[in-house]
Structures are given as structure tokens and as C-alpha cells.
Amino acid sequence: MATAAASEARFDLALSDEQQLAQRTARDWARERLLPLAAEIDEKGEVPREIVREMAGLGFMGIDVPERWGGAGLDMISYVLVMEEVNRACASTGVVLSCHVSLATAPLLQYGTDEQKERFLRPLATGERLGCFALSEPAAGSDAAAMRTSARRDGDGWVLNGTKNFITNGAFADLAIVFAQTDPEKRHKGIVALVVEKGTPGLTVGKLEKKLGIRGSDTAQLHLSDVRVGDDHRLGGVGEGFKVALSTLDGGRIGIASQAVGIARACLEDSLAYAKERQAFGKRIADFQAIQAKLADMATEVDAARLLVWRAASLRDRGERHTAEAAVAKLFASDVAVRAARECVQIFGGYGYLRDFPAERHYRDAKITEIYEGTSEIMQLVIAEEMLGDAPA
Ligand code: CAA
């Protein structure tokens, strides 16, 4: 880490005009267009393609991709501002956006050749195509290097075989960043990252998972059976795939942390509105100190989580190492989201338990932020390893 350096890392809390514009654009669109649809998206289990097209029109799908490659050319801070607003309205839509931006466009931008950027990144950045990230497997989640999907050299290309699990956007994505093992004995040093496009023979979508929350986003299995791709689909060197995956997840964890801030803010704002309206014992429940304490704690934690997200995003914008800071932000923000959601249900009381109110959706949506893109326990491990790695001998 970084511990000392990171905690002292300077970042500007004042948002630039451009960042404020991104925030306002996302806030207005999310409030007017997305929020009214959130319950229906959850109920039907689908984020409408029209919503993804609208996000593309607003520049969100390629927000931090340079204009040269079809993106909006903004920075990571702008991305987390947009993510907070989208997730404040609808976490299902938020994860569709975050997996596309953080996990599909980011590795193409970081590791792709100019030719790969033109061919694969541009249509993702414009939102014409949707991306996903295929790392996890049925028997390899936290221990990502234990993956069994194989990549065998065949002439000047690769043949892929295996099954990927828990792939957000998996059913609808036009393109997947697939990680596979070239030599199991080499563990992480044998992994290769390959771009696989929808329609490639042998690539099929398997089971669609039924989930507790973020029900509008699709979570699918992907089967690869003798899938052939050229070597011009490879991102990074042979054996560098694990580095591609983990450095991508550093950015992805900032995205999920901002999702958690958005969910926690939804809990706070919905609780506040309800507490000012609901009467008990002859007054508003907002007038009871027990409720005020909950609201005050939620507000404090949302602010603290946001600052950690901004710190990590700012380090990434400056091209500095941010592995630990991204993990700190995700660990803390996801915990805040889960706690805020629990308090939100509690403040709504019996109504909090009903599908007619948003509290129970926040409660279901918040939990996944402690699991995907690295569990809280993996975040602790990453933070500890980064600190210990820095410790003087
Ligand atoms: N960036 C670049 N390289 C990194 C890195 C980083 N952040 N962290 C580690 N590495 C490198 C190391 O330097 C090391 O390389 P060398 O051998 O060349 O030095 C190599 O990676 C292996 O490092 P470790 O020995 O620490 O690896 P490990 O096998 O012990 O695993 C781990 C480390 C932190 C547990 C890692 O496996 C991990 O993060 N697991 C969680 C996986 C995860 O987050 N999965 C989420 C799935 S994606 C998802 O959820 C998407 C979705 O659809 C929502």
C-alpha cells in the first residue's frame, strides 16, 4: 500500500465543471427515467435494452474511454459519480453498467493493441455492443487461479474448453473477456486473457441464475466447447492473464464500491422521506431520537464511503497503484450498504417488509456488494497483503 502514502494521498474534493455535468446528467436521468422503472425491473427480472441504449446515448457506456476510441473521454471520478446516481435509482441497471465499463472496456483499453481497440473497444464504448468478464468458474470463485477452463494453442490461434459461472451480462453480452489456463501446473502464471465474441461456434449460454437481488441484471453460465479464436484476440502476454484479471478487478471494485454508495444513499433518502411523513404516538417518527440516530449514522457512513471511493478513483485517474485503496473502498462501502439497507427496512417497519415499498429491494440488492468482484474476506486479504508487502524487513 501504501498505507501511509495512501492515507496521505492528496485528492481534490472540488469537482471540475465536467465532473459536475456528468453527475447532474446522471442524477436527472436516473431520477426521472430510471427510478420510476426500478420496481418493475426487479419484478420482471430484466433491464430493458432501451435503458441500456439511453445510457449509451448519454455517454455512460464508454464514459472513461478516450473519444478517439468512441468514448466520452471522462475520468474515473466521473464514472463513480455516474455509478452512484444510477445505483441510487436501480442497482440492477448499475451492475449492467459497471460490468460493461469496469470489466469489459477497461482491460481492452489497458491491454489492447490499437487494432483490438478499433475492433473490440470502439463498439463497446459507443454502447453499440455489450461486454462481460468471464473469470469465475463453478469450482473457482475466490481462488480465481484455480480455473479449469483450458486454452490450447492450435496453429496461430487458441481452442477454449470449459464453463464460466456467475457472469453478469453473460446472456446478452456481445463480447466476453475470457480467462483460461494454458498449463494448470503453472497456476496463475499459465493464464491467458482472450476476447470471445458472441456467435463464435462453441460458445453457448447456459443456466440463468435466479437471485436474491439485482434481479434485473442477468447472471449466466457460459459454456465453451472447442471455441476457436485467433491469437489477435489475446489481451496481454501468454501467462499474463491473471495480471489482466486482477488489475481489471482493481477498477471493478471501485465501481462496486460506488454501487454500494448509491444503494446506501437510496436507503438514507427513502428512510428520511418516510420518517418525515409517518406518524406514531402523535408525531412524525423523524422526531424520535431513536430514528434520528439511525439517520445520522447512515448519513455519516454514506459520506465516509463516498470519500473512500473518490480516493481510490482519484489514484486510478493519476495512474497510481490503487489495489489496496480499491479494496478498502469496497470493503467499507459494501458493509455500509448492507447496514443502511437493514436500517431502512427497520425504519419502514412492517411496510419495509412489503414489495410495495423500495426498502426490501434495497435490502436484497445491497448484499451482493459484499460478494461479487471479490468477497469482503478477499478484500481483507488484499488489504493485509498490500500492507505486509510494504512492511520494512
Ligand atoms: N494487479 C496486477 N497483478 C496482481 C494484482 C493486481 N491487483 N494482485 C496480484 N497480482 C499478481 C501478483 O503480483 C502475482 O504475480 P507474480 O507471481 O508475477 O508476482 C500474481 O498476481 C498472483 O498473486 P497472488 O499470489 O496474490 O495470487 P493468489 O492466487 O494468491 O490470489 C487473490 C490472490 C487476491 C485471492 C485473487 O485470486 C482474488 O482477487 N480473488 C478474488 C477473485 C474475484 O474477485 N472474483 C470476482 C469475479 S468477477 C465478478 O464478480 C464479475 C461479475 O460478473 C460481477
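Any residue at all in the range 65-77 that's within 16 Å of the ligand (Cβ to nearest atom), crowded, with 21+ Cβ neighbours inside 10 Å, in a helix (DSSP H, G or I) and not polar (S, T, N, Q)? Lay out the reasoning, then the answer.
Restricting attention to the range 65-77, the residues satisfying the condition of being within 16 Å of the ligand (Cβ to nearest atom) are 76.
With the extra rule that they be crowded, with 21+ Cβ neighbours inside 10 Å, the set shrinks to 76.
Retained after the next criterion (residues that are in a helix (DSSP H, G or I)): 76.
Next, from what is left, pick out any that are not polar (S, T, N, Q): 76.
Yes; the residues of the range 65-77 include at least one that is within 16 Å of the ligand (Cβ to nearest atom), crowded, with 21+ Cβ neighbours inside 10 Å, in a helix (DSSP H, G or I) and not polar (S, T, N, Q).
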Self-check item: Exclusive hit being assigned to a helix (DSSP H, G or I), surrounded by fewer than 21 Cβ atoms within 10 Å (Cβ to Cβ) and more than 12 Å from the ligand (Cβ to nearest atom), set Ala260, Ala275, Ala264
Solution: Ala275
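One residue is enough: does the range 320-337 have a residue meeting the conditions among the small types (Gly, Ala, Ser), in contact (Cβ under 8 Å) with a residue 24 or more places away in the chain and more than 24 Å from Cys267 (Cβ to Cβ)? Break it down into steps so the answer makes sense when it comes.
If we filter the range 320-337 for residues that are among the small types (Gly, Ala, Ser), which is where we start, we get 324, 326-327, 329, 333-334, 337.
Narrowing the set further to residues that are in contact (Cβ under 8 Å) with a residue 24 or more places away in the chain leaves 324, 326-327, 329, 333-334, 337.
Then drop every residue that is not more than 24 Å from Cys267 (Cβ to Cβ), which leaves 324.
Yes, that holds for at least one residue.
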Quiz item: Residue check: is Val205 of a type in the set (Val, Ile, Thr), closer than 24 Å to Gly45 by Cα and either assigned to a strand (DSSP E or B) or near the ligand (Cβ under 9 Å from one of its atoms) (or both)?
Solution: yes
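Name the strands (runs of 3 or more DSSP E) wholly within the range 98-191 that hold at least 1 residues that are within 14 Å of the ligand (Cβ to nearest atom)? Working first, answer last.
Values: elements: 131-134, 150-154, 157-168, 175-181.
Because the criterion is at least 1 residues that are within 14 Å of the ligand (Cβ to nearest atom), the strands (runs of 3 or more DSSP E) in the range 98-191 that meet it are 131-134, 157-168, 175-181.
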Quiz item: Would you say Ile77 is in contact with a helix residue (DSSP H, G or I) (Cβ under 7 Å, 6 or more places away or on another chain), farther than 30 Å from Asp28 by Cβ, outside the structural domain of Glu373 (by TED's automatic domain parsing) and modelled with pLDDT of 95 or more?
Solution: no
Quiz item: Out of Leu315, Leu308, Leu354, which single residue is of a type in the set (A, V, I, L, M) and without any contact (Cβ under 8 Å) to a residue 40 or more places away in the chain?
Solution: Leu354
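Look through Phe332, Phe348 and report the one residue that is part of a helix (DSSP H, G or I), of a type in the set (Phe, Trp, Tyr), more than 13 Å from the ligand (Cβ to nearest atom) and within 24 Å of Leu15 (Cα to Cα).
Sole residue among the options that is part of a helix (DSSP H, G or I), of a type in the set (Phe, Trp, Tyr), more than 13 Å from the ligand (Cβ to nearest atom) and within 24 Å of Leu15 (Cα to Cα): Phe332.
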Quiz item: Out of curiosity, is Gly216 farther than 30 Å from Glu301 by Cβ and surrounded by 22 or more Cβ atoms within 10 Å (Cβ to Cβ)?
Solution: no
Practice problem: May I ask you to say which residue of Thr93, Thr25, Thr3 is among the polar types (S, T, N, Q), at pLDDT below 95 and out of contact with any Ser or Thr (no Cβ under 7 Å at 6 or more places or on another chain)? | Solution: Thr3
Quiz item: Failed condition for Gly131, given (1) of a type outside the set (D, E, K, R); (2) closer than 28 Å to Ile263 by Cα; (3) surrounded by fewer than 21 Cβ atoms within 10 Å (Cβ to Cβ), with all others met?
Solution: (3)
Quiz item: Under 7 Å by Cβ, and 6 or more places apart or on different chains, what pairs join a residue from the range 366-388 that is under 13 Å from Gln259 (Cα atoms) with one that is part of a helix (DSSP H, G or I) and near the ligand (Cβ under 9 Å from one of its atoms)?
Solution: Thr369/Ile256; Tyr372/Ile256; Glu373/Leu249; Glu373/Gly252; Glu373/Arg253; Glu373/Ile256
Practice problem: Of the conditions (1) more than 16 Å from the ligand (Cβ to nearest atom); (2) touching a Phe, Trp or Tyr at 6+ places or on another chain (Cβ under 6 Å), Gly236 clears all except one; give me its number. | Solution: (1)
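The values are calculated or read from the model by the stated rules, or taken from the named source; none is laboratory data. Only a predicted model underlies this, so the values are computations on that prediction, with no experimental measurement involved. Neighbour counts are summed over all protein chains in view; Cβ atoms, including those assigned to glycine, are modelled from backbone coordinates with ideal geometry.
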